[in-house]
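Peer 1: Dropping the structure in here first, questions after.
The values are calculated or read from the model by the stated rules, or taken from the named source; none is laboratory data. Note that this is a predicted model, so its numbers are computed, not measured. Quick note on the areas: whole protein, heavy atoms, side chains included, nothing else; ligands and nucleic acids left out. Shrake-Rupley method; radii C 1.70, N 1.55, O 1.52, S 1.80 Å.
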Amino acid sequence: LREAATCALLSHPNTTTIHDYGEINISGINLLFIAMEYIKGETLAEVIGRNATLTLEQKIKLVEELCDGLSYAHDAGLIHRDIKPANLMVTDGAGHLKILDFGIARATDLESFTKTGAIVGTLSYMSPEQAQGHSLDHRSDIFAVGTVLYELLTYRRAFPGRDLRTVTQDKPIPVTELAPSVDPILDDIVASALAPHPDQRYQHLSELVTRLGNVRT
(Lines give C-alpha, C1' and ligand atoms only; values in the text may rest on other atoms or scores of the structure.)
Protein backbone atom coordinates (compact mmCIF):
# COMPACT_ATOMS: atom_id res chain seq x y z
CA LEU A 1 0.00 0.00 0.00
CA ARG A 2 2.92 2.32 0.67
CA GLU A 3 4.33 1.64 -2.78
CA ALA A 4 0.90 1.95 -4.43
CA ALA A 5 0.48 5.33 -2.77
CA THR A 6 3.82 6.45 -4.19
CA CYS A 7 3.01 5.11 -7.68
CA ALA A 8 -0.36 6.88 -7.60
CA LEU A 9 1.49 10.19 -7.43
CA LEU A 10 3.07 9.56 -10.85
CA SER A 11 1.61 11.68 -13.62
CA HIS A 12 3.57 11.45 -16.86
CA PRO A 13 2.64 10.70 -20.50
CA ASN A 14 4.83 7.58 -20.45
CA THR A 15 3.66 6.06 -17.15
CA THR A 16 0.35 4.37 -16.38
CA THR A 17 -2.14 6.43 -14.36
CA ILE A 18 -3.40 4.83 -11.15
CA HIS A 19 -6.95 5.97 -10.38
CA ASP A 20 -7.51 4.20 -7.07
CA TYR A 21 -6.05 1.60 -4.73
CA GLY A 22 -6.90 0.10 -1.38
CA GLU A 23 -8.52 -2.89 0.26
CA ILE A 24 -11.89 -4.48 -0.47
CA ASN A 25 -13.75 -7.29 1.28
CA ILE A 26 -15.17 -10.00 -0.99
CA SER A 27 -17.00 -12.89 0.65
CA GLY A 28 -15.21 -12.26 3.91
CA ILE A 29 -11.75 -12.09 2.31
CA ASN A 30 -9.80 -8.84 2.36
CA LEU A 31 -8.11 -8.21 -1.00
CA LEU A 32 -5.78 -5.43 -2.11
CA PHE A 33 -6.49 -3.77 -5.46
CA ILE A 34 -5.09 -1.19 -7.84
CA ALA A 35 -7.36 0.37 -10.48
CA MET A 36 -5.46 1.90 -13.38
CA GLU A 37 -6.11 3.37 -16.80
CA TYR A 38 -6.94 1.13 -19.75
CA ILE A 39 -4.42 1.41 -22.58
CA LYS A 40 -5.48 0.31 -26.06
CA GLY A 41 -2.55 -1.15 -27.94
CA GLU A 42 -0.06 -4.00 -27.68
CA THR A 43 2.94 -4.76 -25.54
CA LEU A 44 6.41 -4.19 -26.90
CA ALA A 45 6.92 -7.94 -26.52
CA GLU A 46 4.08 -8.47 -28.99
CA VAL A 47 5.54 -5.88 -31.38
CA ILE A 48 8.90 -7.67 -31.28
CA GLY A 49 7.29 -11.12 -31.43
CA ARG A 50 5.57 -10.39 -34.74
CA ASN A 51 8.72 -8.78 -36.21
CA ALA A 52 6.90 -5.51 -36.76
CA THR A 53 8.38 -3.28 -39.43
CA LEU A 54 9.68 -0.25 -37.54
CA THR A 55 12.22 2.28 -38.70
CA LEU A 56 15.33 2.89 -36.61
CA GLU A 57 13.91 6.32 -35.79
CA GLN A 58 10.70 4.75 -34.45
CA LYS A 59 12.63 2.25 -32.34
CA ILE A 60 14.85 4.91 -30.83
CA LYS A 61 11.87 7.16 -30.15
CA LEU A 62 10.17 4.37 -28.17
CA VAL A 63 13.26 3.91 -26.02
CA GLU A 64 13.55 7.67 -25.51
CA GLU A 65 9.97 7.67 -24.22
CA LEU A 66 10.78 4.74 -21.94
CA CYS A 67 13.71 6.72 -20.56
CA ASP A 68 11.56 9.83 -20.07
CA GLY A 69 8.88 7.98 -18.10
CA LEU A 70 11.35 5.95 -16.07
CA SER A 71 13.50 8.98 -15.29
CA TYR A 72 10.38 10.72 -14.00
CA ALA A 73 9.71 7.73 -11.71
CA HIS A 74 13.33 7.78 -10.52
CA ASP A 75 13.02 11.47 -9.65
CA ALA A 76 9.92 10.56 -7.64
CA GLY A 77 11.97 8.01 -5.69
CA LEU A 78 10.86 4.79 -7.42
CA ILE A 79 12.91 1.96 -8.91
CA HIS A 80 10.79 -0.18 -11.24
CA ARG A 81 12.85 -3.42 -11.00
CA ASP A 82 11.03 -5.26 -13.83
CA ILE A 83 11.50 -3.27 -17.02
CA LYS A 84 11.04 -5.64 -19.98
CA PRO A 85 9.11 -5.61 -23.30
CA ALA A 86 6.10 -7.35 -21.74
CA ASN A 87 5.73 -4.48 -19.25
CA LEU A 88 5.76 -1.77 -21.92
CA MET A 89 2.72 -0.84 -24.01
CA VAL A 90 2.72 0.77 -27.44
CA THR A 91 -0.52 2.66 -27.94
CA ASP A 92 -2.66 2.25 -31.02
CA GLY A 93 -2.50 5.13 -33.47
CA ALA A 94 0.18 7.47 -32.13
CA GLY A 95 2.46 4.62 -31.10
CA HIS A 96 3.50 6.14 -27.78
CA LEU A 97 5.12 4.02 -25.09
CA LYS A 98 3.61 3.50 -21.63
CA ILE A 99 5.33 1.79 -18.70
CA LEU A 100 3.19 -0.85 -17.00
CA ASP A 101 3.37 -2.85 -13.80
CA PHE A 102 4.97 -0.88 -11.04
CA GLY A 103 3.73 -3.80 -8.90
CA ILE A 104 7.22 -4.70 -7.66
CA ALA A 105 8.57 -1.15 -7.80
CA ARG A 106 10.42 -0.12 -4.68
CA ALA A 107 10.43 3.31 -3.18
CA THR A 108 14.05 4.27 -2.55
CA ASP A 109 13.15 5.56 0.91
CA LEU A 110 11.55 2.22 1.87
CA GLU A 111 14.74 0.15 1.87
CA SER A 112 13.96 -1.30 5.26
CA PHE A 113 10.67 -2.72 3.95
CA THR A 114 12.43 -4.83 1.30
CA LYS A 115 13.60 -8.27 2.41
CA THR A 116 17.39 -8.41 2.29
CA GLY A 117 18.61 -10.70 -0.48
CA ALA A 118 15.18 -11.02 -2.09
CA ILE A 119 15.33 -11.40 -5.88
CA VAL A 120 12.36 -10.09 -7.82
CA GLY A 121 12.13 -9.37 -11.53
CA THR A 122 12.84 -11.25 -14.76
CA LEU A 123 16.30 -12.80 -15.04
CA SER A 124 16.84 -12.12 -18.76
CA TYR A 125 16.46 -8.38 -18.17
CA MET A 126 17.71 -7.73 -14.65
CA SER A 127 21.04 -6.21 -13.70
CA PRO A 128 23.76 -8.43 -12.20
CA GLU A 129 23.40 -6.72 -8.83
CA GLN A 130 19.65 -7.37 -8.82
CA ALA A 131 20.11 -11.03 -9.81
CA GLN A 132 22.59 -11.44 -6.96
CA GLY A 133 20.20 -9.93 -4.42
CA HIS A 134 22.38 -6.88 -3.72
CA SER A 135 21.09 -3.42 -2.85
CA LEU A 136 19.80 -1.48 -5.86
CA ASP A 137 19.53 2.04 -7.12
CA HIS A 138 18.17 3.58 -10.33
CA ARG A 139 21.13 2.28 -12.34
CA SER A 140 19.67 -1.23 -12.14
CA ASP A 141 16.73 0.02 -14.22
CA ILE A 142 19.21 1.55 -16.68
CA PHE A 143 20.64 -1.92 -17.31
CA ALA A 144 17.13 -3.21 -18.01
CA VAL A 145 16.55 -0.35 -20.46
CA GLY A 146 19.73 -1.48 -22.23
CA THR A 147 18.29 -4.98 -22.67
CA VAL A 148 15.07 -3.53 -24.10
CA LEU A 149 17.04 -1.31 -26.50
CA TYR A 150 19.09 -4.31 -27.63
CA GLU A 151 16.00 -6.46 -28.22
CA LEU A 152 14.18 -3.72 -30.10
CA LEU A 153 17.17 -3.15 -32.39
CA THR A 154 17.85 -6.84 -33.08
CA TYR A 155 14.53 -8.59 -32.27
CA ARG A 156 16.60 -10.98 -30.15
CA ARG A 157 17.12 -11.06 -26.40
CA ALA A 158 20.48 -9.83 -25.17
CA PHE A 159 20.75 -12.70 -22.67
CA PRO A 160 18.55 -15.58 -23.92
CA GLY A 161 20.10 -18.43 -21.93
CA ARG A 162 20.98 -16.59 -18.77
CA ASP A 163 21.17 -18.18 -15.33
CA LEU A 164 22.36 -17.01 -11.92
CA ARG A 165 25.85 -18.42 -12.49
CA THR A 166 26.50 -16.29 -15.58
CA VAL A 167 24.88 -12.94 -14.76
CA THR A 168 28.22 -11.18 -14.23
CA GLN A 169 29.93 -12.77 -17.26
CA ASP A 170 27.34 -12.80 -20.05
CA LYS A 171 28.17 -10.60 -23.03
CA PRO A 172 25.60 -10.20 -25.80
CA ILE A 173 26.42 -10.48 -29.49
CA PRO A 174 27.13 -6.93 -30.77
CA VAL A 175 24.07 -5.24 -32.22
CA THR A 176 25.72 -4.64 -35.60
CA GLU A 177 26.38 -8.39 -36.07
CA LEU A 178 22.64 -9.02 -35.91
CA ALA A 179 21.50 -5.76 -37.54
CA PRO A 180 24.33 -4.66 -39.88
CA SER A 181 22.39 -1.69 -41.22
CA VAL A 182 22.27 0.23 -37.93
CA ASP A 183 24.75 2.93 -36.96
CA PRO A 184 27.82 1.26 -35.34
CA ILE A 185 27.70 3.83 -32.53
CA LEU A 186 24.72 1.88 -31.19
CA ASP A 187 27.10 -0.95 -30.24
CA ASP A 188 28.83 1.41 -27.84
CA ILE A 189 25.57 2.93 -26.59
CA VAL A 190 24.13 -0.50 -25.77
CA ALA A 191 27.40 -1.72 -24.22
CA SER A 192 27.48 1.30 -21.89
CA ALA A 193 23.94 0.61 -20.71
CA LEU A 194 24.74 -3.09 -20.16
CA ALA A 195 28.00 -2.67 -18.26
CA PRO A 196 28.07 -5.34 -15.50
CA HIS A 197 29.07 -2.88 -12.77
CA PRO A 198 26.70 0.07 -12.13
CA ASP A 199 29.59 2.54 -11.87
CA GLN A 200 30.50 1.75 -15.49
CA ARG A 201 26.99 2.35 -16.86
CA TYR A 202 25.23 5.57 -17.67
CA GLN A 203 24.67 7.21 -14.31
CA HIS A 204 21.43 8.84 -15.40
CA LEU A 205 18.95 8.06 -18.16
CA SER A 206 19.39 11.59 -19.52
CA GLU A 207 22.87 10.55 -20.74
CA LEU A 208 21.37 7.64 -22.70
CA VAL A 209 18.61 9.86 -24.11
CA THR A 210 21.18 12.40 -25.32
CA ARG A 211 23.19 9.75 -27.16
CA LEU A 212 20.10 8.15 -28.69
CA GLY A 213 18.80 11.55 -29.74
CA ASN A 214 22.05 12.27 -31.57
CA VAL A 215 21.69 9.01 -33.54
CA ARG A 216 18.03 9.64 -34.30
CA THR A 217 18.53 13.21 -35.52
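Peer 1: Enter the angle in degrees (range 0 to 90, nearest 10) between the Cα long axis of helix 205-216 and the first principal axis of the Cα atoms of the chain, meaning the one along which they spread out most.
Peer 2: Compared with the principal axis, the helix lies near 40 degrees.
Peer 1: Kindly express, to the nearest 10 degrees and within the range 0 to 90, the angle between helix 56-75's C-alpha long axis and the longest C-alpha principal axis of the chain.
Peer 2: 40
Peer 1: What are the extents of the Cα atoms of the chain along their three principal axes, listed from largest to smallest and rounded to whole Å?
Peer 2: 59, 41, 29
Peer 1: Averaged per residue, what accessible surface does region 21-66 expose to a 1.4 Å probe, in Å²?
Peer 2: That works out to 64 Å² per residue.
Peer 1: Going by accessible area, probe 1.4 Å, with all protein chains left in place, what is the ranking of Asp101, Asp137, largest first?
Peer 2: So the residues, ranked largest to smallest area, are Asp101, Asp137.
Peer 1: Ignoring ligands, DNA and RNA, please state the percent of accessible area on the chain from carbon and sulfur, probe 1.4 Å.
Peer 2: 51
Peer 1: Whenever you get a sec, line up Asp187, Asp68, Asp199 from highest to lowest accessible area (probe 1.4 Å, protein heavy atoms).
Peer 2: These residues rank, largest area first, as Asp199, Asp68, Asp187.
Peer 1: Quick check: with the 1.4 Å probe, what order do His96, His19, His12 take by accessible area, largest first?
Peer 2: His19, His96, His12
Peer 1: Nearest 10 degrees, 0 to 90: what angle lies between the long axis of helix 138-154 and the longest principal axis of the chain (Cα atoms)?
Peer 2: Long axis of 138-154 versus the principal axis of the chain: about 50 degrees.
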